[in-house]
Amino acid sequence: MGLTQISTAGVKDDAVTASKLPANSVGASELADNAVDTAAIAADAVTGAKIADDAIDSEHLVDGSIDTAHIGADQITGAKIADDAIDSEHIVDGSIDTAHIAADQITAAKIADDVINSEHIAAGAVDLEHMSSESVDEDNLKISNAGTNGQYLQKQSGNTGGLTWADVSAGPGKNALINGGMQVAQRATNQVTTNSAINTYGPLDRWRTFGGPMGFTISQVTDATSYPNTHYALKAHRTANNTQEYDLGVVQSIETINSLPFAGKQCTFSFRAKVGANFSGPSSVLKAAIFTGTGTNENPVGMTGQASTVIDKTVSTTATKYSITHTIPSSTTQITCGVYYQCRGTAGAEDWFEVTDCQFELGSSATDFEYRDYGSEFARCQRYYQSRRIGTETNYYPHQAGSASFYLRTEMLPVQMRAVPTYTYNGDLTLGVIGGTRMSEDTSSIYWNSAGTDGYMYILSWLNGSSGTQGGEIFNLSAEI
(Lines give C-alpha, C1' and ligand atoms only; values in the text may rest on other atoms or scores of the structure.)
Protein backbone atom coordinates (compact mmCIF):
# COMPACT_ATOMS: atom_id res chain seq x y z
CA MET A 1 0.00 0.00 0.00
CA GLY A 2 1.33 3.35 -0.87
CA LEU A 3 1.50 6.06 1.83
CA THR A 4 1.97 9.68 0.95
CA GLN A 5 2.30 11.17 4.44
CA ILE A 6 2.83 9.76 7.93
CA SER A 7 2.37 12.18 10.82
CA THR A 8 4.27 12.12 14.08
CA ALA A 9 1.23 10.65 15.76
CA GLY A 10 1.23 7.75 13.37
CA VAL A 11 4.75 6.66 14.32
CA LYS A 12 5.16 4.42 17.29
CA ASP A 13 7.73 5.26 19.97
CA ASP A 14 11.24 3.94 19.21
CA ALA A 15 10.03 2.89 15.76
CA VAL A 16 12.60 5.02 13.88
CA THR A 17 15.86 3.18 14.31
CA ALA A 18 19.24 4.05 12.87
CA SER A 19 18.68 1.69 10.02
CA LYS A 20 15.58 3.59 9.01
CA LEU A 21 17.51 6.86 8.57
CA PRO A 22 19.51 7.32 5.42
CA ALA A 23 23.06 8.73 5.73
CA ASN A 24 23.31 12.48 6.18
CA SER A 25 19.54 12.83 6.44
CA VAL A 26 19.37 14.42 9.94
CA GLY A 27 20.25 18.10 9.92
CA ALA A 28 20.39 20.73 12.64
CA SER A 29 16.71 21.56 12.11
CA GLU A 30 15.68 17.99 12.93
CA LEU A 31 17.51 18.08 16.29
CA ALA A 32 15.90 19.49 19.35
CA ASP A 33 17.95 21.89 21.51
CA ASN A 34 20.32 20.00 23.81
CA ALA A 35 19.24 16.77 22.09
CA VAL A 36 22.88 15.65 21.45
CA ASP A 37 24.33 14.47 24.78
CA THR A 38 27.68 12.88 25.61
CA ALA A 39 26.36 9.38 24.99
CA ALA A 40 25.22 10.35 21.50
CA ILE A 41 28.67 11.62 20.47
CA ALA A 42 30.98 8.96 19.13
CA ALA A 43 34.56 8.72 20.38
CA ASP A 44 36.90 11.15 18.65
CA ALA A 45 33.92 12.65 16.80
CA VAL A 46 34.53 16.19 18.10
CA THR A 47 37.42 17.43 16.01
CA GLY A 48 39.04 20.88 16.04
CA ALA A 49 36.77 21.94 13.21
CA LYS A 50 33.65 21.17 15.33
CA ILE A 51 34.75 23.44 18.21
CA ALA A 52 33.91 27.12 17.85
CA ASP A 53 36.64 29.75 18.35
CA ASP A 54 37.16 30.74 22.01
CA ALA A 55 34.62 28.09 23.08
CA ILE A 56 36.88 26.05 25.36
CA ASP A 57 37.50 27.66 28.76
CA SER A 58 39.27 26.45 31.87
CA GLU A 59 36.26 24.53 33.17
CA HIS A 60 36.28 22.37 30.02
CA LEU A 61 39.86 21.18 30.63
CA VAL A 62 40.72 18.21 32.77
CA ASP A 63 43.45 19.07 35.33
CA GLY A 64 46.86 18.40 33.82
CA SER A 65 45.42 17.62 30.41
CA ILE A 66 47.40 20.32 28.49
CA ASP A 67 50.84 18.84 27.81
CA THR A 68 53.87 20.27 25.97
CA ALA A 69 52.68 19.00 22.58
CA HIS A 70 49.44 21.04 22.83
CA ILE A 71 51.11 24.40 23.68
CA GLY A 72 51.97 26.52 20.66
CA ALA A 73 55.43 28.08 20.25
CA ASP A 74 55.92 31.36 22.20
CA GLN A 75 52.44 31.08 23.73
CA ILE A 76 53.53 31.06 27.39
CA THR A 77 54.04 34.77 28.08
CA GLY A 78 54.92 36.38 31.40
CA ALA A 79 51.22 37.08 32.03
CA LYS A 80 50.40 33.36 31.79
CA ILE A 81 52.94 32.36 34.47
CA ALA A 82 51.74 32.57 38.04
CA ASP A 83 53.93 34.35 40.62
CA ASP A 84 56.56 32.11 42.23
CA ALA A 85 55.57 29.27 39.88
CA ILE A 86 58.95 28.74 38.20
CA ASP A 87 61.52 26.90 40.30
CA SER A 88 65.03 25.61 39.56
CA GLU A 89 63.75 22.37 38.01
CA HIS A 90 61.90 24.38 35.32
CA ILE A 91 65.04 26.18 34.12
CA VAL A 92 67.36 24.61 31.55
CA ASP A 93 71.00 24.63 32.60
CA GLY A 94 72.79 27.71 31.31
CA SER A 95 69.61 29.32 29.98
CA ILE A 96 69.72 32.43 32.20
CA ASP A 97 72.15 34.87 30.59
CA THR A 98 73.18 38.44 31.51
CA ALA A 99 70.25 40.01 29.63
CA HIS A 100 67.72 38.15 31.81
CA ILE A 101 69.22 39.19 35.16
CA ALA A 102 67.84 42.44 36.57
CA ALA A 103 70.27 45.04 37.96
CA ASP A 104 71.47 44.50 41.54
CA GLN A 105 69.79 41.08 41.78
CA ILE A 106 72.97 39.07 42.40
CA THR A 107 73.42 39.53 46.13
CA ALA A 108 76.09 37.94 48.33
CA ALA A 109 73.59 35.23 49.31
CA LYS A 110 73.26 34.18 45.66
CA ILE A 111 77.03 33.71 45.16
CA ALA A 112 78.45 30.35 46.16
CA ASP A 113 81.58 30.15 48.25
CA ASP A 114 84.92 30.10 46.43
CA VAL A 115 83.48 30.74 42.96
CA ILE A 116 84.81 34.25 42.27
CA ASN A 117 88.32 34.19 40.83
CA SER A 118 90.69 36.89 39.54
CA GLU A 119 89.14 36.93 36.05
CA HIS A 120 85.78 37.96 37.52
CA ILE A 121 87.22 41.07 39.24
CA ALA A 122 87.76 44.32 37.33
CA ALA A 123 91.27 45.76 37.47
CA GLY A 124 91.65 48.07 40.45
CA ALA A 125 88.21 47.15 41.84
CA VAL A 126 89.44 45.83 45.18
CA ASP A 127 90.36 48.85 47.35
CA LEU A 128 91.27 49.08 51.01
CA GLU A 129 87.63 49.53 52.04
CA HIS A 130 86.78 46.11 50.61
CA MET A 131 89.69 44.29 52.23
CA SER A 132 89.21 42.83 55.67
CA SER A 133 91.81 43.18 58.38
CA GLU A 134 94.84 40.92 57.80
CA SER A 135 93.33 39.62 54.57
CA VAL A 136 96.57 40.24 52.63
CA ASP A 137 99.08 37.80 54.03
CA GLU A 138 102.55 36.83 52.81
CA ASP A 139 101.12 34.53 50.11
CA ASN A 140 98.77 37.16 48.69
CA LEU A 141 101.02 40.23 48.80
CA LYS A 142 101.93 41.27 45.25
CA ILE A 143 105.19 43.18 44.62
CA SER A 144 106.20 45.16 41.54
CA ASN A 145 109.32 43.13 40.77
CA ALA A 146 111.06 39.85 41.48
CA GLY A 147 113.38 39.85 44.45
CA THR A 148 116.62 38.02 45.05
CA ASN A 149 118.09 36.54 48.19
CA GLY A 150 119.08 39.21 50.71
CA GLN A 151 116.90 42.03 49.35
CA TYR A 152 114.20 43.81 51.35
CA LEU A 153 110.84 45.48 50.59
CA GLN A 154 111.15 49.22 50.10
CA LYS A 155 108.61 51.98 49.39
CA GLN A 156 108.67 52.88 45.72
CA SER A 157 109.69 56.43 44.94
CA GLY A 158 106.74 58.46 43.67
CA ASN A 159 104.25 55.62 44.21
CA THR A 160 102.49 55.99 47.53
CA GLY A 161 101.97 52.62 49.16
CA GLY A 162 103.81 50.67 46.44
CA LEU A 163 106.56 48.22 47.34
CA THR A 164 109.58 46.97 45.47
CA TRP A 165 112.42 44.61 46.27
CA ALA A 166 115.63 46.55 46.87
CA ASP A 167 119.22 45.75 47.79
CA VAL A 168 120.21 46.34 51.37
CA SER A 169 122.40 49.41 51.71
CA ALA A 170 124.81 49.54 54.56
CA GLY A 171 124.01 51.84 57.48
CA PRO A 172 126.83 54.17 58.42
CA GLY A 173 129.35 54.27 55.58
CA LYS A 174 126.88 53.48 52.81
CA ASN A 175 127.94 56.54 50.82
CA ALA A 176 131.06 55.86 48.75
CA LEU A 177 131.52 59.54 47.89
CA ILE A 178 133.61 61.77 50.15
CA ASN A 179 132.63 65.34 51.01
CA GLY A 180 129.27 64.85 49.32
CA GLY A 181 127.85 67.50 51.63
CA MET A 182 130.49 70.01 50.45
CA GLN A 183 131.63 70.92 54.01
CA VAL A 184 135.38 70.62 53.48
CA ALA A 185 137.39 73.13 51.40
CA GLN A 186 141.06 72.85 52.40
CA ARG A 187 142.41 74.71 49.38
CA ALA A 188 141.13 78.22 48.82
CA THR A 189 137.82 79.67 49.90
CA ASN A 190 137.29 80.68 46.29
CA GLN A 191 139.12 79.51 43.16
CA VAL A 192 138.75 81.21 39.78
CA THR A 193 139.39 78.67 37.04
CA THR A 194 140.69 80.02 33.76
CA ASN A 195 140.95 78.19 30.46
CA SER A 196 144.17 76.44 31.47
CA ALA A 197 142.84 75.24 34.84
CA ILE A 198 139.91 73.16 33.68
CA ASN A 199 139.90 69.52 34.87
CA THR A 200 141.61 70.34 38.19
CA TYR A 201 140.71 69.87 41.84
CA GLY A 202 139.45 72.61 44.10
CA PRO A 203 138.43 74.41 46.04
CA LEU A 204 136.11 71.79 47.60
CA ASP A 205 137.93 68.60 48.53
CA ARG A 206 137.61 65.55 46.26
CA TRP A 207 135.65 67.39 43.54
CA ARG A 208 137.33 67.87 40.18
CA THR A 209 136.18 70.30 37.51
CA PHE A 210 135.04 68.71 34.28
CA GLY A 211 134.48 70.04 30.76
CA GLY A 212 136.07 72.32 28.20
CA PRO A 213 138.18 75.46 28.56
CA MET A 214 136.21 78.52 29.62
CA GLY A 215 135.98 81.08 32.37
CA PHE A 216 134.09 79.96 35.46
CA THR A 217 134.25 80.01 39.23
CA ILE A 218 133.99 77.05 41.59
CA SER A 219 133.08 78.10 45.13
CA GLN A 220 131.59 76.88 48.37
CA VAL A 221 128.24 78.47 49.24
CA THR A 222 126.05 78.37 52.34
CA ASP A 223 122.25 78.04 52.24
CA ALA A 224 120.51 76.47 55.22
CA THR A 225 117.08 76.67 53.58
CA SER A 226 117.93 74.93 50.32
CA TYR A 227 120.45 72.53 51.87
CA PRO A 228 119.22 71.58 55.36
CA ASN A 229 121.55 68.59 55.80
CA THR A 230 124.95 70.32 55.75
CA HIS A 231 124.02 73.92 54.78
CA TYR A 232 126.78 73.83 52.16
CA ALA A 233 126.88 73.36 48.41
CA LEU A 234 129.34 73.53 45.51
CA LYS A 235 128.59 76.29 43.04
CA ALA A 236 129.80 76.11 39.42
CA HIS A 237 129.31 79.61 38.01
CA ARG A 238 129.97 80.36 34.36
CA THR A 239 131.59 83.78 33.95
CA ALA A 240 129.13 86.44 32.78
CA ASN A 241 129.36 87.24 29.03
CA ASN A 242 131.38 84.09 28.36
CA THR A 243 130.54 82.71 24.91
CA GLN A 244 132.51 79.45 24.91
CA GLU A 245 130.11 76.53 24.51
CA TYR A 246 131.55 73.55 26.35
CA ASP A 247 130.41 71.21 29.09
CA LEU A 248 130.87 72.49 32.65
CA GLY A 249 130.57 70.32 35.74
CA VAL A 250 132.25 68.49 38.59
CA VAL A 251 133.06 64.82 39.14
CA GLN A 252 134.47 62.61 41.87
CA SER A 253 136.29 59.35 41.22
CA ILE A 254 136.04 56.53 43.73
CA GLU A 255 139.41 54.93 44.47
CA THR A 256 139.84 51.47 42.93
CA ILE A 257 139.99 49.69 46.28
CA ASN A 258 136.62 51.25 47.15
CA SER A 259 135.07 50.73 43.70
CA LEU A 260 135.53 46.96 43.58
CA PRO A 261 132.63 46.08 45.97
CA PHE A 262 130.14 47.71 43.57
CA ALA A 263 131.10 45.69 40.47
CA GLY A 264 128.20 43.70 39.03
CA LYS A 265 125.62 45.33 41.32
CA GLN A 266 122.81 47.81 40.89
CA CYS A 267 123.79 51.17 42.35
CA THR A 268 122.25 54.63 42.69
CA PHE A 269 123.82 58.09 42.45
CA SER A 270 121.73 60.83 44.05
CA PHE A 271 122.23 64.56 44.66
CA ARG A 272 120.41 67.78 45.48
CA ALA A 273 120.68 70.65 42.99
CA LYS A 274 119.29 73.96 41.81
CA VAL A 275 120.25 76.44 39.07
CA GLY A 276 120.45 80.19 38.52
CA ALA A 277 117.90 82.31 36.67
CA ASN A 278 120.16 82.46 33.56
CA PHE A 279 121.09 78.77 33.50
CA SER A 280 121.99 78.09 29.86
CA GLY A 281 121.65 74.31 29.77
CA PRO A 282 119.27 73.42 26.88
CA SER A 283 115.75 72.71 28.16
CA SER A 284 116.99 73.37 31.73
CA VAL A 285 118.81 70.03 31.70
CA LEU A 286 121.54 69.14 34.19
CA LYS A 287 123.17 65.83 33.25
CA ALA A 288 123.78 63.18 35.91
CA ALA A 289 126.51 60.69 35.04
CA ILE A 290 128.07 57.46 36.27
CA PHE A 291 131.34 56.55 34.52
CA THR A 292 133.01 53.14 34.89
CA GLY A 293 136.45 51.89 33.90
CA THR A 294 138.74 48.90 34.15
CA GLY A 295 141.99 50.64 35.09
CA THR A 296 143.49 51.43 38.48
CA ASN A 297 143.11 54.95 39.90
CA GLU A 298 143.24 56.61 36.49
CA ASN A 299 142.02 59.97 35.19
CA PRO A 300 138.42 60.16 36.52
CA VAL A 301 137.00 60.82 33.04
CA GLY A 302 139.72 59.11 30.98
CA MET A 303 139.73 55.57 32.34
CA THR A 304 140.70 52.43 30.47
CA GLY A 305 137.60 50.79 29.01
CA GLN A 306 135.49 53.76 30.02
CA ALA A 307 131.71 53.43 29.73
CA SER A 308 128.98 55.65 31.08
CA THR A 309 125.31 56.15 31.71
CA VAL A 310 124.16 59.77 31.46
CA ILE A 311 120.60 60.81 32.34
CA ASP A 312 119.05 64.24 31.72
CA LYS A 313 117.48 65.87 34.77
CA THR A 314 115.23 68.87 34.27
CA VAL A 315 116.21 71.29 37.03
CA SER A 316 114.84 74.55 38.39
CA THR A 317 115.71 77.41 40.73
CA THR A 318 114.32 75.34 43.63
CA ALA A 319 116.67 72.84 45.27
CA THR A 320 115.42 69.32 44.48
CA LYS A 321 116.72 65.78 44.97
CA TYR A 322 117.51 63.76 41.83
CA SER A 323 118.90 60.26 41.26
CA ILE A 324 119.96 57.79 38.59
CA THR A 325 120.35 54.01 38.90
CA HIS A 326 122.80 51.87 36.96
CA THR A 327 124.03 48.28 37.07
CA ILE A 328 127.80 48.48 37.33
CA PRO A 329 129.57 46.11 34.88
CA SER A 330 131.16 43.15 36.64
CA SER A 331 134.61 44.03 35.23
CA THR A 332 134.60 47.53 36.75
CA THR A 333 137.59 48.58 38.86
CA GLN A 334 136.97 52.35 39.05
CA ILE A 335 133.80 54.45 39.29
CA THR A 336 133.27 58.19 38.76
CA CYS A 337 130.09 60.16 39.53
CA GLY A 338 129.30 63.70 38.50
CA VAL A 339 126.97 66.37 37.18
CA TYR A 340 127.45 68.80 34.31
CA TYR A 341 125.61 70.91 31.76
CA GLN A 342 126.10 72.06 28.20
CA CYS A 343 126.88 75.79 28.27
CA ARG A 344 125.12 77.56 25.43
CA GLY A 345 124.99 81.14 24.15
CA THR A 346 126.36 84.14 26.01
CA ALA A 347 126.44 83.65 29.77
CA GLY A 348 124.15 85.82 31.85
CA ALA A 349 124.93 86.96 35.38
CA GLU A 350 123.18 83.91 36.91
CA ASP A 351 124.40 81.09 34.66
CA TRP A 352 125.26 78.54 37.35
CA PHE A 353 124.27 75.38 39.17
CA GLU A 354 124.70 74.31 42.80
CA VAL A 355 124.98 70.73 43.98
CA THR A 356 125.26 68.97 47.34
CA ASP A 357 124.12 65.83 49.22
CA CYS A 358 125.93 63.72 46.62
CA GLN A 359 125.68 60.01 47.40
CA PHE A 360 126.66 56.78 45.62
CA GLU A 361 125.30 53.60 47.20
CA LEU A 362 124.18 50.04 46.61
CA GLY A 363 120.54 49.60 45.69
CA SER A 364 117.92 50.40 43.07
CA SER A 365 116.73 53.65 44.67
CA ALA A 366 118.13 56.59 46.58
CA THR A 367 118.00 56.58 50.36
CA ASP A 368 118.37 59.53 52.72
CA PHE A 369 121.69 61.35 52.46
CA GLU A 370 124.24 60.04 54.95
CA TYR A 371 125.42 63.03 56.98
CA ARG A 372 128.90 62.64 58.47
CA ASP A 373 130.27 65.00 61.09
CA TYR A 374 132.88 67.50 59.94
CA GLY A 375 135.79 65.80 61.72
CA SER A 376 135.09 62.45 60.09
CA GLU A 377 134.65 63.98 56.65
CA PHE A 378 137.79 66.12 57.03
CA ALA A 379 139.88 63.04 57.88
CA ARG A 380 138.55 61.20 54.81
CA CYS A 381 139.54 64.14 52.63
CA GLN A 382 143.05 64.16 54.07
CA ARG A 383 143.76 60.78 52.47
CA TYR A 384 143.81 62.66 49.15
CA TYR A 385 144.87 66.20 50.04
CA GLN A 386 146.42 67.95 53.03
CA SER A 387 147.28 71.58 53.53
CA ARG A 388 149.91 71.60 56.29
CA ARG A 389 150.72 74.87 58.05
CA ILE A 390 153.75 74.65 60.33
CA GLY A 391 154.00 77.49 62.84
CA THR A 392 153.11 81.19 62.54
CA GLU A 393 155.06 84.41 62.45
CA THR A 394 154.78 84.76 66.18
CA ASN A 395 155.24 81.28 67.60
CA TYR A 396 157.54 79.23 65.40
CA TYR A 397 161.31 79.31 66.10
CA PRO A 398 163.21 76.33 64.71
CA HIS A 399 166.78 76.68 66.04
CA GLN A 400 169.90 76.35 63.95
CA ALA A 401 172.41 73.72 65.09
CA GLY A 402 175.83 75.35 65.35
CA SER A 403 176.94 77.37 62.35
CA ALA A 404 175.17 75.23 59.73
CA SER A 405 173.18 77.14 57.12
CA PHE A 406 170.32 74.68 56.86
CA TYR A 407 167.58 73.25 59.02
CA LEU A 408 166.23 69.69 58.60
CA ARG A 409 162.62 69.06 59.64
CA THR A 410 160.43 65.94 59.61
CA GLU A 411 156.62 66.07 59.76
CA MET A 412 154.30 63.13 60.39
CA LEU A 413 150.89 63.27 58.76
CA PRO A 414 147.68 62.85 60.79
CA VAL A 415 146.15 60.62 58.09
CA GLN A 416 147.97 58.21 55.79
CA MET A 417 147.63 59.41 52.21
CA ARG A 418 146.46 57.32 49.28
CA ALA A 419 149.87 57.51 47.60
CA VAL A 420 153.15 59.36 48.08
CA PRO A 421 152.03 62.97 47.64
CA THR A 422 153.29 65.70 45.37
CA TYR A 423 153.66 69.11 46.98
CA THR A 424 153.49 72.84 46.48
CA TYR A 425 154.70 75.39 49.00
CA ASN A 426 153.71 78.82 50.13
CA GLY A 427 154.58 80.51 53.41
CA ASP A 428 155.66 83.57 55.34
CA LEU A 429 159.02 82.59 56.78
CA THR A 430 161.36 85.38 57.83
CA LEU A 431 164.99 84.63 58.66
CA GLY A 432 167.78 86.33 60.54
CA VAL A 433 169.50 86.70 63.88
CA ILE A 434 166.94 86.49 66.66
CA GLY A 435 166.47 89.94 68.09
CA GLY A 436 168.19 91.53 65.11
CA THR A 437 167.30 92.44 61.56
CA ARG A 438 165.36 89.76 59.69
CA MET A 439 165.22 89.05 55.99
CA SER A 440 162.43 87.38 54.02
CA GLU A 441 162.65 83.77 52.94
CA ASP A 442 160.99 82.43 49.80
CA THR A 443 160.23 79.11 48.15
CA SER A 444 163.67 78.81 46.55
CA SER A 445 165.18 78.10 49.95
CA ILE A 446 162.82 75.18 50.77
CA TYR A 447 164.11 71.81 49.65
CA TRP A 448 161.81 68.79 49.57
CA ASN A 449 163.94 65.95 50.84
CA SER A 450 161.75 62.87 50.97
CA ALA A 451 158.18 61.82 51.61
CA GLY A 452 156.03 58.77 52.20
CA THR A 453 152.32 58.25 52.57
CA ASP A 454 152.51 58.99 56.30
CA GLY A 455 155.07 61.81 56.53
CA TYR A 456 157.66 63.98 54.82
CA MET A 457 161.05 65.62 55.39
CA TYR A 458 162.32 68.97 54.11
CA ILE A 459 165.41 71.14 54.39
CA LEU A 460 165.29 74.88 55.06
CA SER A 461 168.41 76.84 54.13
CA TRP A 462 169.24 80.50 54.74
CA LEU A 463 171.94 83.07 54.24
CA ASN A 464 174.63 84.79 56.36
CA GLY A 465 174.82 82.26 59.18
CA SER A 466 171.54 83.24 60.80
CA SER A 467 170.91 81.53 64.10
CA GLY A 468 167.14 81.07 63.87
CA THR A 469 163.93 81.49 61.86
CA GLN A 470 160.59 83.05 62.59
CA GLY A 471 157.34 82.49 60.71
CA GLY A 472 155.48 79.54 59.22
CA GLU A 473 155.27 77.36 56.13
CA ILE A 474 152.32 75.84 54.26
CA PHE A 475 152.88 72.62 52.36
CA ASN A 476 150.03 71.52 50.05
CA LEU A 477 150.25 67.74 49.66
CA SER A 478 148.20 66.01 46.98
CA ALA A 479 147.52 62.33 46.37
CA GLU A 480 144.38 62.92 44.29
CA ILE A 481 143.36 60.47 41.59
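The values are calculated or read from the model by the stated rules, or taken from the named source; none is laboratory data. It should be emphasised that the depicted structure is a prediction, and the values quoted were computed from it without experimental measurement. Heads up, the Cβs are rebuilt from the backbone with ideal geometry, glycines too, and the neighbour counts pull from every protein chain shown.
Checked against (1) polar (S, T, N, Q); (2) assigned to a strand (DSSP E or B); (3) more than 27 Å from the chain's Cα centre (by Cα); (4) surrounded by fewer than 16 Cβ atoms within 10 Å (Cβ to Cβ), residue 296 passes all but condition (2).
Okay, residues lined up against (1) surrounded by fewer than 21 Cβ atoms within 10 Å (Cβ to Cβ); (2) closer than 30 Å to residue 411 by Cα:
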{"position": "284", "(1), (2)": "yes, no"}
{"position": "301", "(1), (2)": "yes, no"}
{"position": "329", "(1), (2)": "yes, no"}
{"position": "340", "(1), (2)": "no, no"}
{"position": "348", "(1), (2)": "yes, no"}
{"position": "357", "(1), (2)": "no, no"}
{"position": "372", "(1), (2)": "yes, yes"}
{"position": "378", "(1), (2)": "yes, yes"}
{"position": "388", "(1), (2)": "yes, yes"}
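Pairs meeting the criteria (first residue in the range 235-250 and more than 29 Å from residue 177 (Cα to Cα) and in the same structural domain as residue 280 (by TED's automatic domain parsing), second residue among the hydrophobic types (A, V, I, L, M, F, W, C) and surrounded by fewer than 19 Cβ atoms within 10 Å (Cβ to Cβ), beta carbons under 7 Å, at least 6 apart or on different chains) are 240/349. Would a scan of the range 98-105 turn up a residue that is among the acidic types (Asp, Glu) and either under 30 Å from residue 17 (Cα atoms) or touching a residue at least 60 places away in the same chain (Cβ under 8 Å) (or both)? Within the range 98-105 (the criterion being among the acidic types (Asp, Glu) and either under 30 Å from residue 17 (Cα atoms) or touching a residue at least 60 places away in the same chain (Cβ under 8 Å) (or both)), the answer is no, since none of the residues qualifies.
Each row is one residue, and each column tells you yes or no for (1) touching a residue at least 60 places away in the same chain (Cβ under 8 Å); (2) closer than 28 Å to residue 347 by Cα.
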residue	(1), (2)
285	no, yes
288	no, yes
296	no, no
307	no, no
312	no, yes
317	no, yes
322	no, yes
326	yes, no
329	yes, no
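For residue 132, the criteria (1) under 24 Å from the mean Cα position of the chain (by Cα); (2) modelled with pLDDT under 85; (3) more than 25 Å from residue 166 (Cβ to Cβ) hold in every case but one, which is (1).
Could you tell me whether any residue of the range 175-197 is exposed (fewer than 13 other Cβ atoms within 10 Å of the Cβ), in a loop (DSSP other than H, G, I, E, B) and either at pLDDT 70 or above or among the acidic types (Asp, Glu) (or both)?
Start the filter on the range 175-197 by keeping residues that are exposed (fewer than 13 other Cβ atoms within 10 Å of the Cβ), which leaves 189, 194-196.
Okay, now just the ones that are also in a loop (DSSP other than H, G, I, E, B), so 189, 194.
When the remaining residues are screened for being either at pLDDT 70 or above or among the acidic types (Asp, Glu) (or both), the result is none.
Scanning the range 175-197 turns up no residue that is exposed (fewer than 13 other Cβ atoms within 10 Å of the Cβ), in a loop (DSSP other than H, G, I, E, B) and either at pLDDT 70 or above or among the acidic types (Asp, Glu) (or both).
Just so you know, in the range 255-282 the residues that are buried (at least 21 other Cβ atoms within 10 Å of the Cβ) and within 19 Å of the chain's Cα centre (by Cα) include one that is farthest from residue 226 (Cα to Cα), and it is 267. Only one entry in 230, 304, 294, 320 is β-branched (Val, Ile, Thr) and at pLDDT below 95, namely 230. Tell me whether the range 232-246 contains one or more residues that are hydroxyl-bearing (Ser, Thr, Tyr) and under 23 Å from residue 362 (Cβ atoms). No, because not a single residue in the range 232-246 is hydroxyl-bearing (Ser, Thr, Tyr) and under 23 Å from residue 362 (Cβ atoms).
Going by the structure shown, is residue 336 closer than 18 Å to residue 256 by Cβ, assigned by TED's automatic domain parsing to the domain that holds residue 247 and polar (S, T, N, Q)? The answer is yes for residue 336. Can you tell me which residues in the range 215-244 are surrounded by fewer than 18 Cβ atoms within 10 Å (Cβ to Cβ), outside any strand (DSSP E or B) and under 33 Å from the mean Cα position of the chain (by Cα)? Hits for the range 215-244 are 223, 224, 225, 228, 229, 231.
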